Every structure is written in C-alpha cells, then in structure tokens.
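Before any comments, here is the structure.
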Amino acid sequence: MYQLLRKILFLFSPERAHYFSMNVLKAVCSVGVFRKIIKSYFKPEGNLEKKQFFASANSTITFSNPVGLGAGFDKNAKYLRALETLGFGFVEIGTVTPKPQAGNDKPRLFRLPIDKALINRMGFNNDGVEIIAGRLSIWRTKQAAAKKKSTLIIGGNIGKNKVTPNQEAWKDYEICFNALFDYVDYFVVNVSSPNTPGLRELQEKDSLKKILVNLQSINKTKHTPKPVLLKIAPDLTKEQIDDVIDLAIEIQLDGLVATNTTISRDALKTPQSIITEIGNGGLSGKPVKEISTAIVKYIIQKTGNAIPVIGSGGIFNGIDATEKIQAGASLIQVWTGFIYEGPEIVKNICRQLSR
C-alpha cells in the first residue's frame, strides 16, 4: 500500500510532500476512533523489553521500544500524537534555536531514490524556542490530564541561530536548554549539522567544552538533572572522535548520537550531474549506514561501553537496526528510512529485533 502512496508523494517536492502527509496524519489522529485503529495496526510487534537508559544522569528513562525518530522530522513539536500513534518509542524535536528562523532558501530538500538517500540544507528552520516550549507545555498538560499517560519519550535537539557568532554560541544553547528543560526528557546538543555556516567548527574540543560544561553546570543545579547528549558528524577524523570521547568522559556526558548527515558524496549511484545541480547539503540514508555503524562500534570499543550511544544513519529495516545494536548502540533513530519505507517501519524493525 505504501509503495503506491510513495510513488504519488514522490511526484511532489520533498518538503511539500512531508508537510502534506504529516498534516493529513495529524488530522486523522485527532479523531479518537481513527487514532485507536491506527495505533492498533501499527503497534510494535514482538516481545521487546522496555529499555532503561541514561542512568548516569540520576534520571533513568524507560523507553517502550528502542526505535526513535531523529531530529529534523518534527522540528516544531507539531506531530507528537501522530508519531506516537505510529509506534515510535521516542521522538527528537528540533533542532530548536532561541529565535525563530526561516532556514535556507528553497528548494532545500532533495531525494536520491537510486541511493535511497536524501540531501538537505534546511538550515535549522524552526518556530523558535518560546513557541515550541509553549507547544510542549500544552502537550504535557494534556498528557497529565489523560486517563492513560503517554509513554512517548521526547528529546530536545538544540542549536544556535545562524546570526549568532560562534564565540557567543554557548549562550544560544543555554537559552534553549533552560526554556525546554521542563518539557523534554533529554537533550541533544547539535554542533554537527553542515547547513549552518561555521557550526561544525564548534566540534573542536575547546569550543565544544565551553558549551557542554556550561550546560552541565546548569543541569547540576536542577532538582532532577536531564540527560545531555552530543550529536556528532560522520565526517570527523579518528583524532577528532577521540577528542569527543575524552571530553565526554571528562565532563560525564550522558551519551552520544552517532551520526548526523555527511558532506561526502562518495560512491553514489545518482549521476554526478544531478549531484552537482543539487549542490551543498547533508547526505542521509543508505550511503551513511556503514560509516555511522563503524563510528558507533569505535566509540563503544574505545570506551569499553562506558558511554551510551544512540545509533543513527541508514536504518531502513530490522537488519540495519540489528547491525547498529550489535555495534553497541543502546537505541536507534530513523529518519530517511521512514520516508522510503513508510509508517510500518517501527513495527517491522521491532518484529525483527524481537527475534
């Protein structure tokens, strides 16, 4: 069924198709009887045990299943109920910045069907932390009032505004951290998107330490600290990954997300003329699978499994998910795979993992 729907959606621009399909799903899921039918159909199969994670933050989180949706899909926390209905164990909203920003000029999202990949240069388009925090507050209030409380875990992926100079970036992360603290279950610091000029320079150890140490110091003042993770790029050198690991251990970071999109265009089947015409942006999907898995494995082996890792990159099915988990990932995230495989992706992955 989805194969036919995908052919229709792929006739339209990726960004237009994304918002159209999600708004339709949101509308359908707003009707209780329809939501119950959809939730029953897409309920993850198998006997997967609930996953406890982030115990080092003194705030252990229990995930109903290990399959999450990566940041960038629900940037503005508009589709949480719909995504929960499809069975996701957790959803990472954002990337959220202090001020609203429109992002880069359109078109900025491109499909590479031959490679089962996407290229995006969205540029942290979002409604800004104040509006998004308000939206999350309403969500939490509704969940508290509901007879059956939601089990959906929400992560807050935070970044800096494009106009903020790198030397002031730590202030943007602090603003987002404080504004979202009461409404998300964990945080992910995003310094690895290739679509904000100069952002990846913040992955250098000294710049990164300033941001993370500040967030950790604020976190420690809270009655119940929230887990803080760092999302890293697949394009880092071995030495840069080692620096990240050393810093993560030094400041007792709660985990890493490996990995973000890549700027590499190696070994793509899509004609070079099309790649050139598309231009800059982060590549996601199947071409990122092997390198992201290798980085997950390296981190786990280098640290002796001391730092929890969320595996992200090229996960389309249960086999891909199993590879990430066997490499050492505690949880996994999908994004591009959701676009190509459709709404049954969580159900299918959980079925395979339960075996």
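A compact table of results
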{"read-out": "Helices (runs of 4 or more DSSP H) (entirely within the stretch 238-355) containing at least 1 residues that are free of Cβ contacts under 8 Å to residues at least 24 places away in the same chain and not small (Gly, Ala, Ser)", "value": "238-250, 272-278, 318-327"}
{"read-out": "Residue in the stretch 122-146 that is nearest to Glu290 (Cα to Cα), counting only those that are touching a helix residue (DSSP H, G or I) at 6+ places or on another chain (Cβ under 9 Å), part of a loop (DSSP other than H, G, I, E, B) and not aliphatic (A, V, I, L, M)", "value": "Phe124"}
{"read-out": "Top-ranked residue in the stretch 229-254 [being among the acidic types (Asp, Glu) and surrounded by fewer than 22 Cβ atoms within 10 Å (Cβ to Cβ); ranked as farthest from Gly281 (Cα to Cα)]", "value": "Glu250"}
{"read-out": "Among residues of the stretch 142-187, those that are loosely packed, with under 14 Cβ neighbours inside 10 Å, among the aliphatic types (A, V, I, L, M) and either under 28 Å from Arg81 (Cα atoms) or touching a Leu at 6+ places or on another chain (Cβ under 9 Å) (or both), counted", "value": "3"}
{"read-out": "Of the criteria (1) assigned to a helix (DSSP H, G or I); (2) in contact with a Lys or Arg (Cβ under 6 Å, 6 or more places away or on another chain); (3) farther than 17 Å from Gly103 by Cα; (4) touching a residue at least 60 places away in the same chain (Cβ under 8 Å), which one Asp172 fails", "value": "(3)"}
{"read-out": "Flag if Asn214 is modelled with pLDDT of 95 or more, in contact with an Asp or Glu (Cβ under 9 Å, 6 or more places away or on another chain), part of a helix (DSSP H, G or I) and not charged (D, E, K, R)", "value": "yes"}
{"read-out": "Flag for Pro66 being surrounded by fewer than 23 Cβ atoms within 10 Å (Cβ to Cβ) and at negative phi", "value": "no"}
{"read-out": "The stretch 188-211: number of residues that are crowded, with 19+ Cβ neighbours inside 10 Å and assigned to a loop (DSSP other than H, G, I, E, B)", "value": "6"}
{"read-out": "Within the stretch 147-196, considering residues that are modelled with pLDDT under 95 and not polar (S, T, N, Q), the one nearest to Thr262 (Cα to Cα)", "value": "Pro194"}
{"read-out": "The stretch 309-330, residues that are crowded, with 24+ Cβ neighbours inside 10 Å and within 16 Å of Lys231 (Cβ to Cβ)", "value": "Val309, Ile310, Gly311, Ser312, Gly313, Gly314, Ile315, Lys324, Ala329"}
{"read-out": "Residues satisfying the stated conditions in the stretch 72-92, i.e. farther than 19 Å from Asp320 by Cα and either at pLDDT below 95 or assigned to a loop (DSSP other than H, G, I, E, B) (or both)", "value": "Gly72, Phe73, Asp74, Lys75, Asn76, Ala77, Lys78, Tyr79, Leu86"}
{"read-out": "Index of the failed condition, Glu204 passing every other in (1) under 25 Å from Pro66 (Cβ atoms); (2) modelled with pLDDT under 95", "value": "(1)"}
{"read-out": "Any hit, the stretch 20-42, residues being within 19 Å of Leu152 (Cβ to Cβ), surrounded by 13 or more Cβ atoms within 10 Å (Cβ to Cβ) and modelled with pLDDT under 95", "value": "no"}
{"read-out": "Failed criterion for Pro113 (all others in (1) at pLDDT 95 or above; (2) within 21 Å of the chain's Cα centre (by Cα) hold)", "value": "(2)"}
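The values are calculated or read from the model by the stated rules, or taken from the named source; none is laboratory data. In this text, all values refer to a predicted model and were calculated from it rather than measured experimentally. For neighbour counting, all protein chains shown are included, and Cβ atoms are generated from backbone atoms with ideal geometry for every residue, glycine included.
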